[in-house]
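The values are calculated or read from the model by the stated rules, or taken from the named source; none is laboratory data. What you are looking at is a predicted structure, and each value in this text was computed from that prediction instead of being measured. Here the Cβ positions follow ideal geometry from the backbone for every residue, glycine too, while neighbour counts run over all protein chains shown.
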Amino acid sequence: MEWPGFSDFFTQEYQRVVHGLMRAGATCEEAEDAVQDAMQALLLAWPTCRNHAGWVRTTAWHAFCKRADRNRKRVELESRNARLTGPEPAVRMEPDERDRVMRVLRDLPPRQRQVLALHYDEYSAQEIAELLGVKPSTVRSNLRHAVATIRRSLERYDTKAGFVSPAGDEGKEGGSHAQAG
């Protein structure tokens, strides 16, 4: 069964919601799966739903978080049970900037990732607040904390070694000053 207006809504919003989840840390496949599930659920709720865009974004976000939590638990279990044959290399050559940024984004609390993604989708604090059912001041606070966390994480990133170093350890090289002879 298809409701009037659903096809147009799907065409207009699908990619936007997928990209929003990707900005929040989902892979393309994870985002597409979550949005497809959300759109399918919206089709069933279409006649009674008042805010289609907000509903599908929230439902897709919850679907992504649920899958991500399940995958995280699976990976932790596999890691705990795995027997490694050797130590992991301490230095990774030519770190991939996208991987670094995605790691930093995935380390943010889920609500901060969600607010940040909606902000980059050009939603105002008021619009985000309405979508998430919170106060605009809460949205601004989440955005401020997310940006500060990202800034700190990226400042600590050691571009030579390719890893995030503990705070305060970056750039310390003993005896690196050459003397003129």
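So the values come out like this:
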quantity	calculated
Answer from ALA68, ALA31, ALA63, ALA41 - the residue that is in contact (Cβ under 8 Å) with a residue 40 or more places away in the chain and aliphatic (A, V, I, L, M)	ALA68
Number of the condition not met by THR48 [criteria: (1) buried (at least 16 other Cβ atoms within 10 Å of the Cβ); (2) modelled with pLDDT of 90 or more]	(1)
Selection from the stretch 11-65 of residues that are over 18 Å from ILE128 (Cβ atoms), polar (S, T, N, Q) and outside any helix (DSSP H, G or I)	THR27
Residues of the stretch 112-148 classified as modelled with pLDDT of 85 or more, in a helix (DSSP H, G or I) and surrounded by fewer than 17 Cβ atoms within 10 Å (Cβ to Cβ), total	10
Selected residue [of a type in the set (Lys, Arg), assigned to a helix (DSSP H, G or I), at pLDDT below 70 and surrounded by 11 or more Cβ atoms within 10 Å (Cβ to Cβ)] from ARG72, ARG80	ARG72
Near pairs, Cβ below 6 angstrom, 6+ apart or cross-chain, from the stretch 109-124 (outside the structural domain of TRP61 (by TED's automatic domain parsing) and more than 13 Å from HIS19 (Cβ to Cβ)) to any residue that is in a loop (DSSP other than H, G, I, E, B) and of a type outside the set (D, E, K, R)	ARG113/ALA24; ARG113/GLY25; GLN114/ALA24
